[in-house]
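Chemist: Handing you this structure, nothing more for now.
The values are calculated or read from the model by the stated rules, or taken from the named source; none is laboratory data. On a predicted model such as this, the values are computed, not experimentally measured, just so you know. Cβ sites come from the backbone with ideal geometry, for glycine too, and all protein chains shown count toward neighbours. Remember, those area values only see protein heavy atoms, side chains included, never the ligands or the DNA or RNA. Shrake-Rupley method; radii C 1.70, N 1.55, O 1.52, S 1.80 Å.
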Amino acid sequence: MKRFLYLFTLLLFACSEPHFLTDEGYRARVHEQFEKRKIQAKGRNEQLFSVFDKPIDTKHREALEFLYAYMPLCDLADYDGEFYLSQVKAAFAARDFFPWGKTVPEEIFRHFVLVHRVNNENLDTSRIVFFNELKDRIKGMSMSEAALEVNHWCHEKVTYRGTDGRTSAPLALVRTSWGRCGEESTFTAAAMRAVGIPARQCYTPRWAHTDDNHAWVEVWIDGQWRYLGACEPEAELDVAWFTGPAKRAMMVHTNVFGRYGGPEEKNLETPLYSKINLLANYAATRIVGVKVIDAQSKAVEGAAVKFCVYNYAEFYPVAEAFTDADGQASIISGKGDLLIHANKDGLYGYAKSAADDEEITVTLNKQNGSIYEDKTEIVPPAEQKISELPADKIAANARRLTCEDSMRNAYMKTFLDAEQAKERIDKIFNDEALKKAASGYLENAQGNWPEILNFISKHSSEPLLMPFLGALSKKDLRDTPTEYLDDHINAKYEANEDFSDDFTARYILSPRIGTELIRPWRSFFTSDVAANRDAESIIAFIKKNIKIDDSENYYNCPLSPRGAYELLTANRYSRNILFVAMCRSAGVAARLEPATGKPQYFKNQWLDATFENQKATSPKGKILFNSSKSNILKPEYSIHFSLARFENGDFKTLDLENDKRLKSFPCETDLDTGYYRLITGTRANDGSVTIDMQCFTLTSDETKNLTITMPAPEGKLQVLGIIDMNTVVTLSDGSRKPLKDFSAGKGLMLCFADPDREPTKHVLQDLPANRAELDEWGGGILFLVPSDKLSPGFEASVFKNLPTRTSWGVDNERELLNAASATLQLDFKNNFPLTLFLTNAGGVVYISEGYRIGIGGDIVKTIRTIER
């Protein structure tokens, strides 16, 4: 009888209410995919699909089916139907509340408002929270005015600071008040969608003219997509500090949830999502054509082609494709160089596509074990001039930013400083070492400090408490609730006297495994998988029961261990996290190997968990690195050189950036045997990079000697202009000094800075890596903030470990900046920072304008060249 009433209710809704998915064919395809997902997610049937057993009106039901049909695996694994229904209702509520809601086309609303996920963030109820906080603030505004105002609200809440690769949920970011650009743009897009403004996160996957990448937001306003800097509000749309860099990009793209029929070029289209190419919105473009042939010059169909820029000492693919029957593939990219890598059936080849090439040919004439050396130069698109807003608009916006900084800083002052953290910890511990360690963790917890203080208080007698907290990341401390940590430290396990406390805490007790959100999975596994008490049994269980699907978790947000276990489906990375979690729950030490990410367990030694029939232990060889005496500065891994191992037809870069063994030369590291590629590159001031490549094999028990020699770009340093070293500047304490007093007879790094903008913050975060070399040099470093950019909310003390001789000052009325721009023939306005290196005589031999990664290293190279 209940079933009959339910079906009758559905029929009434269907007859009386309009469809959300108005196209009948599209609606049928969504429903078909939804039914497939019901079968796929049967392990979580109750959690996900019981919500459909109650009356839901037609538009909400169809919207919910759309989300279920196309959501990535992580969303099927880790959230429930009531959560998704609340997201759907909130999206329609925003559409109905704001006048622009009725102007947004169904397709735009479906893909860029309704969808609960922006990228790889952890999901939360921010849509509802943000709507309630913003609705009255933007009521009565036009759509464009509202978008600008929402971004100002975002700036009140969040500012830029670099952090790790796990993307915090929007509400967690509010609690912290800062994040990297990927988090800021996720947060801002979520805020826009919360008020019914279509929004999408845009990425340049890697820059061509400098290292790193960037993400921002596009908003759909009155029929057009416009861009803005996330949490970096300007006076108008389509204005941002990255406007200039974006004109030099080789790719800008975004992922679109679901089957999308928009007009943009698609770099990739799958049954669940598309990756669309937005580069033409920002930069001049060209068609990059590739033809792949074999050694007999025959076209190769089905070859995998990667279109790569040089970034962080590796060739990073900004797009991928497969060749057609004629061996051809193409993408739309920028007017710079790309390295094209192609492979099929164990053979590979590569070639450079220069800015004026229409089509290049790649011959598959190399294979695993091919020994060779090569040299190339990659040139990015040329720098372009950008227009500026009127000065009065810039000034008015700057006043707003100052006010917003003050609001955010007032909140951040509720975080505990070192003294306040110590006061609270002193009430818990008597031991000074414990006090010091615990105070540090409490200070690092920032807005989450009450949760961490509660956790420390509850477990103060636990001998492994400090090692346990030490195994967490700083971001974990900032966004993990007490009860989640309780679940792990309360674990019962058989102690091994051969293990140190740090080892036990890090590889058995710790909930931190990879880049997943910490969740309370341990008690579930301890009770539910008691039969699997050793690594071999866990491996057998996973191989038998967990289906691997590397295509459907397309946002690359890891499934939680429990979610993967219940869903019985996971991508390989999430499968590996599940293995480690199950092992640790059983008291077995386990980890993801830092360089390769392989899942491993400890049994007298670290052994690989074998899911694809490989050997549990791989034979090893050794690499001994030396630095050439000709190098101007000490090479850094992932900045100046990298190693990649050949796997499945391509080279996969090893993650050795944090390997302490590679911080000084000579140094050595143990690696699996195999076929490797060493890349060494030197970037010039114009963004071009000279690259040396060396491919070699590493055999069992072999010690391979590699000398890192940084290639020298053609050309020498030139004096680009002269600045009078007798010019007097005003320091932050009000005192005045001439420039020559800062140089100490050795030279001066002079940086004109806008401290409220991300590019300047990158410089401040880059310099600590070169502190030792810059301190040894002994010259001066001076940051001058133009008076119109001076914000009362800025505190230089936030940036730690700057070189010893760093000073801060104010450039009143841009007097020195204007003089420097004139002598250097720069049409400089607001593309901060402007970083110069001045010789002791005032000769400018280095210029960097705007966003650039690695300025500290550039300055050291300049110094070394001068010293020679």
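Chemist: How many residues are closer than 19 Å to Ser274 by Cα, among the acidic types (Asp, Glu) and out of contact with any helix residue (DSSP H, G or I) (no Cβ under 8 Å at 6 or more places or on another chain) when one looks only at segment 33-74?
Modeler: 0
Chemist: Across segment 130-148, what is the total count of residues that are of a type in the set (Val, Ile, Thr) and either surrounded by 21 or more Cβ atoms within 10 Å (Cβ to Cβ) or within 24 Å of Glu516 (Cα to Cα) (or both)?
Modeler: So the count comes out to 0.
Chemist: Only one of these is crowded, with 16+ Cβ neighbours inside 10 Å, of a type outside the set (Asp, Glu) and touching a strand residue (DSSP E or B) at 6+ places or on another chain (Cβ under 7 Å): Ile513, Ile452, Ile518. Name it.
Modeler: Being crowded, with 16+ Cβ neighbours inside 10 Å, of a type outside the set (Asp, Glu) and touching a strand residue (DSSP E or B) at 6+ places or on another chain (Cβ under 7 Å) holds for just one of Ile513, Ile452, Ile518, which is Ile513.
Let's see how each residue does on (1) in contact (Cβ under 8 Å) with a residue 60 or more places away in the chain; (2) assigned to a loop (DSSP other than H, G, I, E, B); (3) among the charged types (D, E, K, R):
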| residue | (1), (2), (3) |
| --- | --- |
| His111 | yes, no, no |
| Val115 | yes, yes, no |
| Asn122 | yes, yes, no |
| Glu156 | yes, no, yes |
| Arg166 | yes, yes, yes |
| Ala189 | yes, no, no |
| Gln201 | yes, no, no |
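Chemist: Return the residues of segment 550-561 that are more than 16 Å from Tyr68 (Cα to Cα), touching a Phe, Trp or Tyr at 6+ places or on another chain (Cβ under 7 Å) and touching a residue at least 60 places away in the same chain (Cβ under 8 Å); say none if nothing qualifies.
Modeler: Selection gives Pro558, Ser560.
Chemist: With the requirement that a residue be surrounded by fewer than 14 Cβ atoms within 10 Å (Cβ to Cβ) and part of a helix (DSSP H, G or I), what does segment 388-402 give you?
Modeler: Ala391, Asp392, Ala395, Ala396, Arg399
Chemist: Further question on the same structure: Run Arg286 past the list (1) crowded, with 22+ Cβ neighbours inside 10 Å; (2) assigned to a strand (DSSP E or B) and report the number of the one that doesn't hold.
Modeler: Of (1) crowded, with 22+ Cβ neighbours inside 10 Å; (2) assigned to a strand (DSSP E or B), only one is false for Arg286: (1).
Chemist: What is the residue count in segment 469-505 for residues that are assigned to a helix (DSSP H, G or I) and without any contact (Cβ under 8 Å) to a residue 40 or more places away in the chain?
Modeler: 13
Chemist: On to the next question. Taking segment 267-283 on its own, how many of its residues are assigned to a loop (DSSP other than H, G, I, E, B), farther than 19 Å from Asp337 by Cβ and hydroxyl-bearing (Ser, Thr, Tyr)?
Modeler: Pass one, segment 267-283, residues assigned to a loop (DSSP other than H, G, I, E, B): 270-272, 278, 282-283.
Narrowing the set further to residues that are farther than 19 Å from Asp337 by Cβ leaves 270-272, 278.
This time we only want the ones that are hydroxyl-bearing (Ser, Thr, Tyr), so: 270.
Qualifying residue count for the region: 1.
Chemist: Something else: Quick check on segment 27-76: of everything there that is under 23 Å from Asp124 (Cα atoms) and in a loop (DSSP other than H, G, I, E, B), which residue is farthest from the chain's Cα centre (by Cα)?
Modeler: Looking at the filtered set, the residue picked out is Ile56.
Chemist: Mind checking which strands (runs of 3 or more DSSP E) fall wholly inside segment 665-722 and carry at least 3 residues that are at pLDDT 95 or above?
Modeler: Details: elements: 667-672, 674-683, 689-698, 703-708.
Where strands (runs of 3 or more DSSP E) fall fully within segment 665-722 and carry at least 3 residues being at pLDDT 95 or above, they are 674-683, 689-698, 703-708.
Chemist: I would also like to ask the following. Inside segment 570-616, counting only strands (runs of 3 or more DSSP E) that do not spill past its ends, which hold 3 or more residues that are surrounded by 21 or more Cβ atoms within 10 Å (Cβ to Cβ)?
Modeler: 599-602
Chemist: Next up: Take the residues of segment 259-283 that are over 16 Å from Trp220 (Cβ atoms) and touching a helix residue (DSSP H, G or I) at 6+ places or on another chain (Cβ under 9 Å): which is surrounded by the fewest Cβ atoms within 10 Å (Cβ to Cβ)?
Modeler: Pro271
Chemist: Then there is this: Taking Ala354 as the residue in question, decide whether it is more than 25 Å from Trp241 (Cα to Cα), among the hydrophobic types (A, V, I, L, M, F, W, C) and touching a helix residue (DSSP H, G or I) at 6+ places or on another chain (Cβ under 7 Å).
Modeler: no
Yes/no matrix, rows are residues, columns are (1) surrounded by fewer than 20 Cβ atoms within 10 Å (Cβ to Cβ); (2) more than 24 Å from the chain's Cα centre (by Cα); (3) over 22 Å from Ala208 (Cβ atoms); (4) small (Gly, Ala, Ser):
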position	(1), (2), (3), (4)
Ala295	yes, yes, yes, yes
Gly302	yes, yes, yes, yes
Asn311	no, no, no, no
Glu314	no, no, no, no
Gln328	yes, yes, yes, no
Ile332	yes, no, no, no
Gly336	no, no, no, yes
Ala354	yes, yes, no, yes
Asp357	yes, yes, no, no
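Chemist: Determine whether segment 214-226 contains at least one residue that is under 18 Å from Glu183 (Cα atoms), within 17 Å of the chain's Cα centre (by Cα) and assigned to a loop (DSSP other than H, G, I, E, B).
Modeler: There is no residue in segment 214-226 that is under 18 Å from Glu183 (Cα atoms), within 17 Å of the chain's Cα centre (by Cα) and assigned to a loop (DSSP other than H, G, I, E, B).
Chemist: Next up: Go through the residues of segment 230-239 one by one and say whether even a single one is among the β-branched types (Val, Ile, Thr) and open to solvent by 10 Å² or more (accessible area, probe 1.4 Å).
Modeler: Within segment 230-239 (the criterion being among the β-branched types (Val, Ile, Thr) and open to solvent by 10 Å² or more (accessible area, probe 1.4 Å)), the answer is yes, since at least one residue qualifies.
Chemist: Is it the case that some residue within segment 719-735 is acidic (Asp, Glu) and more than 30 Å from the chain's Cα centre (by Cα)?
Modeler: Checked against the condition, which is being acidic (Asp, Glu) and more than 30 Å from the chain's Cα centre (by Cα), segment 719-735 yields at least one hit.
Chemist: Give the residues of segment 539-549 that are free of Cβ contacts under 8 Å to residues at least 60 places away in the same chain, out of contact with any strand residue (DSSP E or B) (no Cβ under 8 Å at 6 or more places or on another chain) and surrounded by 14 or more Cβ atoms within 10 Å (Cβ to Cβ), sorted by residue number.
Modeler: Hit for segment 539-549 is Phe541, nothing else.
Chemist: Right, here's the next one. So, in segment 744-768, exactly how many residues are small (Gly, Ala, Ser) and more than 37 Å from the chain's Cα centre (by Cα)?
Modeler: 2
Chemist: To continue, here is another question. For Gly244, state whether it is closer than 26 Å to Asp858 by Cβ, more than 13 Å from the chain's Cα centre (by Cα) and surrounded by fewer than 24 Cβ atoms within 10 Å (Cβ to Cβ). Reasoning before the result, please.
Modeler: Values: closer than 26 Å to Asp858 by Cβ: yes; more than 13 Å from the chain's Cα centre (by Cα): yes; surrounded by fewer than 24 Cβ atoms within 10 Å (Cβ to Cβ): yes.
It is true that Gly244 is closer than 26 Å to Asp858 by Cβ, more than 13 Å from the chain's Cα centre (by Cα) and surrounded by fewer than 24 Cβ atoms within 10 Å (Cβ to Cβ).
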